[in-house]
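J.: To start, I am sharing the structure in question, which I have written as structure tokens.
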Amino acid sequence: MRQLAPGVHQLLGRPPHTINAYLVEDVLVDAGTPAARRRIMRQLDGRRLSAHVVTHAHPDHFGSSHAVCEARDVPLWAGRRDVEAIEHARPVPAPGRLPALLGKMKMPPPHPVARGLVEGDEIAGFTVLDVPGHSPGHIALWRDHDGVLICGDVFFNVFRPAAPPKLLTWDHERNRESMRRLAELRPKLVLFGHGRPLRDPDRLKRLVG
């Protein structure tokens with residue numbers, strides 16, 4: 001686990017930066033795939049955990065959520081419009097036949113969501129932003145005083161900052177609107193669901209035009 005900003009740590013992944021999870025004060029943000037369970041639990045060992053937040057209801061973000069919440073006896077929180085998808089382990093697919101087929105693949109275990117998050121909620125010093133598109137209830141976390149943004153999959157940064165793949169995005173146009181909204185914040189540190197951290201306030205703005 002490495003510190004990226006005061007109170008913000010990135011859990012180490014395999015390969016690094018492929019599927020990210022973060023510890024914000026004592027709140028775990030995202031939990032990778034089911035295969036990440038042991039690695040996440042090892043890194044959380046000895047650390048206080050009060051809650052677990054999922055940025056959106058895709059299996060590479062809530063894959064180990066059930067295991068973590070059960071083992072550490074903490075509540076699961078997620079965007080209000082993604083609650084049902086997590087509780088039934090049925091993500092809302094992108095349009096088209098292939099995404100629908102992907103949605104029938106084996107999913108991670110479901111888990112009850114104790115709190116449906118909405119715009120303006122406060123979590124560990126961050127404000128919840130409602131940024132739908134990649135999923136219906138996608139949220140981001142924004143800390144205004146130092147410009148730290150946890151954007152989930154509104155943007156990818158696998159090779160360079162970009163929109164998420166259309167094949168995996170519920171509503172591409174709404175996600176573009178969310179991209180523009182987050183870019184307008186001119187964040188000083190952007191933390192992605194996929195990819196390395198970005199420290200360039202203007203990079204996202206240039207991407208969305």
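Just so it is clear, none of the values below were taken in a lab; they were calculated from the coordinates. These numbers come from a predicted model, not from an experiment. Note: ideal-geometry Cβ built from the backbone for every residue, glycine included; neighbour counts use all protein chains shown.
J.: Which one, HIS134, ALA114, VAL27, is farthest towards the positive end of the dipole of the chain when Lys and Arg carry +1 and Asp and Glu -1 on their Cβ?
T.: Going by the charge dipole, the pick is HIS134.
J.: For LYS205 paired with ARG97, estimate the spin-label separation in nm (one decimal), with each label point 7 Å from Cα along the Cα-to-Cβ line.
T.: Label-label distance for LYS205 and ARG97, simple model: 4.5 nm.
J.: Determine the calculated [θ] at 222 nm for the chain from helices alone, applying -39500 (n - 2.57) to every DSSP H run no shorter than 4 residues and normalising by the residue count; nearest 500 deg cm²/dmol. The partial results should precede the final answer.
T.: Working: 6 runs with 46 residues, N = 209.
Helices in the chain give a 222 nm mean residue ellipticity of -6000 deg cm²/dmol.
J.: Mind checking which lysines have their C-alpha under 26 Å from LYS106, skipping anything on the same chain fewer than 8 residues away?
T.: Counting by Cα, and skipping residues close in sequence, LYS106 has these lysines nearby: LYS166.
J.: Can you tell me the Rg and Dmax of region 116-209, counting just the alpha carbons, in angstroms?
T.: 12.1, 35
J.: Can you compute the charge dipole magnitude of region 137-179 about its Cα centre, using +1 on each Lys and Arg Cβ and -1 on each Asp and Glu Cβ, nothing else charged? Give it in debye, rounded to the nearest 20.
T.: Using Cβ point charges on Lys, Arg, Asp and Glu, region 137-179 gives about 160 debye.
J.: Which value, in debye to the nearest 20, gives the size of the charge dipole of region 2-208 about its Cα centre, when Lys and Arg are +1 and Asp and Glu are -1 at the Cβ?
T.: In total the dipole reaches around 820 debye.
J.: Ok, one more. Report the Cα-based extents of region 2-208 along its three principal axes, largest first, to the nearest Å.
T.: Principal extents (largest minus smallest coordinate, Cα): 44, 42, 33 Å.
J.: If you take every DSSP beta bridge whose two residues both sit in region 2-208, what share of them, in percent to the nearest 5, is antiparallel?
T.: 60 percent
J.: Any aspartates and glutamates with Cα under 15 Å of the LYS205 Cα? List them, leaving off those in the same chain fewer than 8 positions away.
T.: GLU177, GLU184
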